[in-house]
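Chemist: A single structure is presented below for examination.
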Amino acid sequence: MMVRQAQQEWNLDYQFRPMQMSDLDAIMQIEPHIYPYPWTRGNFSDSLNSGYSAWVLILNTQIIGYALLMMVVDEAHLLNLSVAKPHQKQGLGRLILEYMIQIAKNHKAANMFLEVRPSNISAIALYENIGFNEMAVRRGYYPAANGREDAVLMGLAL
């Protein structure tokens, strides 16, 4: 599996496990430091209660990243992919994304979709590098300082 290869190449003790309600305190220490309009504890607990595929990335015993995936028939929708600020720009976003793509494939998804702010240049570059393509623009999708910001809808055939 890709994750094991990355763990061996980097010789670090990264581990994925399913997100649990008990992880929300740690996640709520990360989320507001990386997003101007972060998810709330309620957003995360609702996602867990809805049965979404939610995962945390752990280094030693610390949560340093997480992602949530909603499956609808044969489509996977990536709802949130986050890496704690001190661990950004180290390839961990890619590691989490590749893991979530594998999860989607395991669920027999034919396509994966996500929304991203057009201002999030580094995320768009990662998604394009993995093979995601821009499909549409959702006008006024995200809250922003000046009102609303569009979202770029991207998709990947699995």
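Chemist: Within region 141-158, which residues are of a type in the set (Gly, Ala, Ser), closer than 18 Å to residue 39 by Cα and within 19 Å of the chain's Cα centre (by Cα)?
Modeler: Within region 141-158, just 151 meets the criteria.
This table checks each residue for (1) of a type in the set (S, T, N, Q); (2) at positive phi.
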{"residue": "108", "(1), (2)": "no, yes"}
{"residue": "118", "(1), (2)": "no, no"}
{"residue": "129", "(1), (2)": "yes, no"}
{"residue": "143", "(1), (2)": "no, no"}
{"residue": "149", "(1), (2)": "no, no"}
{"residue": "152", "(1), (2)": "no, no"}
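Chemist: Considering (1) surrounded by fewer than 16 Cβ atoms within 10 Å (Cβ to Cβ); (2) within 20 Å of residue 16 (Cβ to Cβ), say which one residue 138 fails and leave the rest.
Modeler: (2)
Chemist: Based on this model, can you work out whether residue 68 counts as of a type in the set (A, V, I, L, M), in contact with a helix residue (DSSP H, G or I) (Cβ under 6 Å, 6 or more places away or on another chain), surrounded by 18 or more Cβ atoms within 10 Å (Cβ to Cβ) and closer than 20 Å to residue 151 by Cβ?
Modeler: yes
Chemist: Surrounded by 16 or more Cβ atoms within 10 Å (Cβ to Cβ), among the aliphatic types (A, V, I, L, M) and in contact with a strand residue (DSSP E or B) (Cβ under 6 Å, 6 or more places away or on another chain) - does that describe any residue in region 106-113?
Modeler: yes
Chemist: Let me ask another. Pick out the one residue from 58, 27, 63 that is closer than 27 Å to residue 145 by Cβ and of a type in the set (Val, Ile, Thr).
Modeler: After ruling out the rest, the residue left standing is 27.
Chemist: For region 111-140, enumerate the residues that are under 17 Å from the mean Cα position of the chain (by Cα) and of a type in the set (A, V, I, L, M).
Modeler: 112, 114, 116, 121, 123, 124, 125, 126, 130
Chemist: Moving on to the next point. Every residue in region 12-44 that is of a type in the set (A, V, I, L, M, F, W, C), in contact (Cβ under 8 Å) with a residue 40 or more places away in the chain and exposed (fewer than 14 other Cβ atoms within 10 Å of the Cβ), please.
Modeler: Those that are of a type in the set (A, V, I, L, M, F, W, C), in contact (Cβ under 8 Å) with a residue 40 or more places away in the chain and exposed (fewer than 14 other Cβ atoms within 10 Å of the Cβ): 12, 34.
Chemist: Ok, one more. Return only the number of the condition from (1) of a type in the set (D, E, K, R); (2) under 21 Å from residue 31 (Cβ atoms); (3) modelled with pLDDT under 95 that residue 138 does not satisfy.
Modeler: (2)
The values are calculated or read from the model by the stated rules, or taken from the named source; none is laboratory data. Predicted model, so just to flag it, every value in this text is computed and none were measured. Cβ sites come from the backbone with ideal geometry, for glycine too, and all protein chains shown count toward neighbours.
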